[in-house]
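Have a look at the structure below before the remarks.
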Amino acid sequence: MSGYPVAERVIGRIAAPAPGASVVVGAGIHGNEPAGIHAAERVLAALSSGAVDVRGGELVVLAGNVAALRRGERYLARDMNRGWTDARLARLRRGDAQDAEDREQMELLAALDAVAGRARGPVHLADLHTSSAAGVPFVLFRASEEQRAFVSAFPIPVISGIVEQVEGVLSEHACARGFIAFSVEGGQHDAPESCDSLEAILWITLRRAGIVGACDEVDNAERVLRSMRGDLPGAVEVIARHAITQEDAFVMERGFRNIDRVKKGDLLAHDRSGEVRAHEDGVVVLPLYQKLGNDGFFWGREVVDVSRSAPGSSR
């Protein structure tokens with residue numbers, strides 16, 4: 001994948017005179033996932049042109065891992081979306097940067113601090129991603145009432161439990177700060193429709209946050225996302241993570257979408273111990289089809305409705 005020419009950390013910022021919510025868009029915290037930046041730039045262009053009125057508050061778009069984006073690599077020294085732990089953040093706030101991602105994270109942390117410091121209402125974080133597997137967009141959120149109420153507006157699968165399975169993700173840090181935070185998997189890295197789905201997510205986010213009112217862009221966003229969901233469940237609770245190391249020689253079986261139903265006994269992957277098969281009917285989420293990463297896949301189960309996934313139940 002070729003690199004993305006990111007000029008600076010702040011991709012764009014639009015602030016209205018009237019107070020209101022703040023929406024922070026984090027895009028490209030993995031350097032091989034620039035689709036979120038493309039999508040956010042489209043939204044910024046529409047708002048800057050006056051095509052859509054900004055009612056109040058602020059929109060800020062931040063590039064996550066600038067150095068990795070420029071090289072088109074997931075990361076340089078470590079996964080930047082696994083480093084938002086209290087211990088690391090305390091070290092970074094002391095100015096102790098030990099690798100390339102530390103320096104990137106210090107700058108991103110300062111940018112988040114700046115948004116929080118000038119906020120004139122609630123702060124939201126939309127953390128935009130794409131995946132190595134093909135598939136449809138879906139939302140990842142922490143199973144809390146506030147997060148659940150916000151993501152229920154998205155007409156695509158919503159998945160609870162992943163952020164509780166993985167330590168140090170950006171959205172968890174944002175939640176701890178009191179942000180209304182969620183992550184979005186927009187589709188496959190290089191698929192053109194991934195930009196479309198992430199743009200649609202942003203328009204609905206801005207509408208839900210009250211930064212924009214009803215408009216054609218929001219109506220179109222809802223149509224786009226409904227058309228993408230297809231036969232997939234509306235809500236999934238992740239209950240396990242299949243963690244891997246390089247020594248495992250893990251190879252995911254081809255053909256799974258980024259969220260896919262599977263039956264008991266289905267072949268999921270191979271590793272140095274042999275076959276990895278589904279132990280029961282369920283849902284595979286984010287199967288790994290790239291070289292870098294420590295998550296082979298996540299395992300979940302369908303729930304009838306988002307409201308049935310109780311806070312903390314996936315721990």
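Tabulated results
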| quantity | calculated |
| --- | --- |
| Ile11 accessible area, assembled protein chains, probe 1.4 Å, Å² | 50 Å² |
| Unit Cα scatterers, Debye sum, the range 185-261: log10 I(q)/I(0) for q = 0.16 Å⁻¹ | -0.79 |
| Label point distance in nm, Asp216-Arg229, each placed 7 Å from Cα along Cα→Cβ | 2.5 nm |
| Karplus-derived HN-Hα couplings along the range 234-241 (A = 6.51, B = -1.76, C = 1.60, θ = phi - 60°), whole Hz, x at Gly and Pro | x, 8, 9, 10, 7, 10, 7, 10 |
| Student exercise, the chain dipole from Lys, Arg, Asp, Glu Cβ charges, in Debye to nearest 20 | 440 debye |
| Under the Karplus curve 6.51 cos²θ - 1.76 cosθ + 1.60, θ = phi - 60°, whole-Hz ³J(HN,Hα) for the range 254-261, x wherever Gly or Pro sits | 5, x, 7, 6, 5, 9, 8, 6 |
| The range 72-210 - share of DSSP beta bridges that are antiparallel (%, nearest 5) | 30 percent |
| Candidates per GluC sites (Glu not before Pro) in the range 76-159, loop by DSSP, up to 14 other Cβ within 10 Å | none |
| Net charge of Cβ neighbours under 12 Å - reference Asp127; Lys, Arg +1; Asp, Glu -1 | -2 |
| Long-range amide H partners of Ile11 with built H, under 5 Å | Val61, Leu62, Ala63 |
| Rg/Rh ratio calculated on Cα atoms of the chain (Kirkwood radius) | 0.95 |
| Antiparallel bridge percentage (DSSP; both residues within the chain; nearest 5) | 55 percent |
| Long-range HN-HN contacts of His124 with modeled amide H, under 5 Å | Ser22, Val23, Val24, Ile180 |
| Heavy-atom accessible area order for Glu33, Glu275, largest first, 1.4 Å probe | Glu275, Glu33 |
| Backbone HN-Hα couplings from phi across the range 63-72 [Karplus 6.51/-1.76/1.60, Hz, Gly and Pro as x] | 7, x, 10, 4, 4, 5, 4, 5, 9, x |
| Long-range HN-HN contacts of Arg277 with modeled amide H, under 5 Å | Leu268 |
| Kirkwood Rh, angstrom, the range 179-315 [1 / mean 1/r, Cα pairs] | 17.0 Å |
| Positive minus negative residues near Val52 (Lys, Arg vs Asp, Glu; Cβ under 9 Å) | -3 |
| For the chain, built as a Gaussian network whose Cα springs stay under 10 Å, the top-fluctuating residue of Asp231, Asp96, Asp266 | Asp231 |
| Percent RCO, i.e. relative contact order, over the chain, from Cα pairs under 8 Å lying at least 6 residues apart | 19 percent |
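The values are calculated or read from the model by the stated rules, or taken from the named source; none is laboratory data. Predicted model, so just to flag it, every value in this text is computed and none were measured. Here the Cβ is made from the backbone with ideal geometry for all residues, glycine too, and neighbour counts use every protein chain on show. Note: areas computed on protein heavy atoms with side chains; ligands, DNA, RNA excluded. Shrake-Rupley method; radii C 1.70, N 1.55, O 1.52, S 1.80 Å.
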